[in-house]
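Everything on this sheet refers to the single structure shown next.
The numbers here are math on the coordinates, done by the rules we state, and not lab data. Worth saying up front: this structure is predicted, and the values here are computed from it rather than measured. Here the Cβ positions follow ideal geometry from the backbone for every residue, glycine too, while neighbour counts run over all protein chains shown.
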Amino acid sequence: MAKEMSWKECVEEKIITPSVPDEERSNQMLIMANLRLKFWDKKVSDEFIVLKVEAYYDIIKELIFAHLYKNGYNCSNHLCLIAYLKEKMKDFDFEIQKIDELRKVRNEINYRGLAVKKDYLERNELEFKNIIKRLKEELG
């Protein structure tokens with residue numbers, strides 16, 4: 001699979017499809033993201049760092065889906081979530097790079113058993129929290 005997909009490719013290949021805006025579904029995704037955030041918003045011992053990193057990806061992914069549903073779209077792959085953000089969110093380029101990096105780390109965790117080091121979380125956690133805050137603000 002490609003390392004990156006454009007908005008145009010995602011739409012043409014019907015990975016991102018228009019739908020009726022679904023405020024309720026968007027709110028459900030926001031509720032789930034908030035629940036995960038509440039659960040993981042604490043210090044964890046080093047053995048659980050990998051799960052916390054994975055959780056940050058899930059939270060961000062759920063917030064992006066909340067945006068999609070609210071704005072009348074469906075999406076069937078994670079690469080196109082990045083394309084959606086690039087198309088729809090202004091002044092978010094650095095954050096999008098961080099989200100894509102996190103997506104790749106999460107894939108390494110899920111498919112190759114990557115052991116994430118504590119310093120990765122320490123270096124990136126503030127940025128993950130800022131991304132979450134901005135995504136929530138943009139939901140209104």
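The table below gives the values:
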item	result
Computed [θ] at 222 nm, helices only, for the chain once each DSSP H run of length n ≥ 4 contributes -39500 (n - 2.57)	-23500 deg cm²/dmol
Tensor-based shape of the range 46-139 (alpha-carbon gyration tensor, a/c under 1.5 rounded, otherwise prolate or oblate)	prolate
Inter-label distance, nm, simple model (7 Å from Cα along the C-beta direction), residue 86/residue 3	1.2 nm
Cα centroid of the range 2-33 to Cα centroid of the range 62-94, whole Å	6 Å
Kyte-Doolittle mean at least 0.5, axial Cα span of 27 Å or more - DSSP H helices of the chain	49-70
Length-normalised contact order of the chain in % [C-alpha pairs under 8 Å, at least 6 apart]	32 percent
Cysteines without a disulfide-compatible neighbour (Cβ-Cβ under 4.7 Å), the chain	75
Ranked packing of 101-107, 18-24, most packed first, by mean Cβ within 10 Å	101-107, 18-24
